[in-house]
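Structure, as structure tokens:
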Amino acid sequence: MAIEQASYTTLLKEGSFEIRQMDPMILAITEENHLDGNSGFSEIFNYITGYNQGSQKIAMTTPVINDIYEKSMTTAFVMPKQYAIEDLPLPRNSDLKLKQVPSRLVATLTFSGSINSNKLQEKQQALLTWLNEKELLPLGNLQLSRYNPPFIPGFLKRNEVSIEIQKLP
């Protein structure tokens with residue numbers, strides 16, 4: 001059975017770079033303390049496996065998303081499309097929040113391999129350089145999206161860095 005993925009429409013593709021119109025989504029989101037994402041992942045995994053006010057199980061989706069701010073980061077799971085925010089059980093963990101994210105335009109760079117801060121910085125710079133060449137203005141913060149479990153070998157992993165951008169002219 002295939003794992004549901006966040007949905008989007010590709011508007012432009014050049015090699016590993018894309019401009020996407022992301023569909024609206026609901027995220028279960030929490031603070032993260034390290035780029036490996038273990039603490040946030042565990043909190044949200046517990047939520048979807050029944051540690052919530054309805055003891056309800058929720059299907060796993062991809063990607064797992066890290067919003068990366070200057071001095072902090074978060075981890076988020078995309079909730080399955082079948083749910084409206086009011087249909088999701090409330091978290092038992094007060095650090096975990098449910099958040100509705102509207103449709104937005106993003107620029108994305110897809111790459112493989114394991115993640116570390118140097119690789120993340122390199123990919124972010126490549127994405128920003130590409131946006132500059134396209135004369136597109138980034139908005140907000142960088143996101144790291146991971147599509148595979150940690151036990152998958154690095155060369156098989158699908159990762160993306162993305163950033164919201166201003167509407168296309």
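The values are calculated or read from the model by the stated rules, or taken from the named source; none is laboratory data. Please read these numbers as outputs of a predicted model, since none were measured by experiment. Ideal geometry is used to build each Cβ from the backbone, glycine not excepted, and the neighbour counts take in all protein chains shown.
How many residues are part of a strand (DSSP E or B), among the aliphatic types (A, V, I, L, M) and either in contact with a helix residue (DSSP H, G or I) (Cβ under 9 Å, 6 or more places away or on another chain) or at pLDDT below 95 (or both) when one looks only at segment 90-115?
Within segment 90-115, the first condition is being part of a strand (DSSP E or B), and the residues that meet it are 91, 97-101, 104-111.
Add one more test, that the residue is among the aliphatic types (A, V, I, L, M), and what stays is 98, 101, 105-107, 109.
Right, trim to either in contact with a helix residue (DSSP H, G or I) (Cβ under 9 Å, 6 or more places away or on another chain) or at pLDDT below 95 (or both) and you get 98, 107, 109.
Final tally of qualifying residues: 3.
Residues that are within 18 Å of the chain's Cα centre (by Cα) and more than 14 Å from L105 (Cα to Cα), at least 1 per element: which strands (runs of 3 or more DSSP E) completely within segment 1-58 meet that?
25-32
Looking at segment 116-169 only, could you name the residues that are under 17 Å from the mean Cα position of the chain (by Cα), part of a loop (DSSP other than H, G, I, E, B) and surrounded by 13 or more Cβ atoms within 10 Å (Cβ to Cβ)?
Y147, N148, K157, R158
Would you point out which residue out of E31, E14, E18 is touching an Asp or Glu at 6+ places or on another chain (Cβ under 7 Å) and charged (D, E, K, R)?
Numbers: E14 fails: touching an Asp or Glu at 6+ places or on another chain (Cβ under 7 Å); E18 fails: touching an Asp or Glu at 6+ places or on another chain (Cβ under 7 Å).
The match here is E31.
For segment 1-40, enumerate the residues that are of a type in the set (D, E) and either at pLDDT below 95 or in contact with a strand residue (DSSP E or B) (Cβ under 8 Å, 6 or more places away or on another chain) (or both).
Within segment 1-40, E4, E18, D23, E31, E32, D36 meet the criteria.
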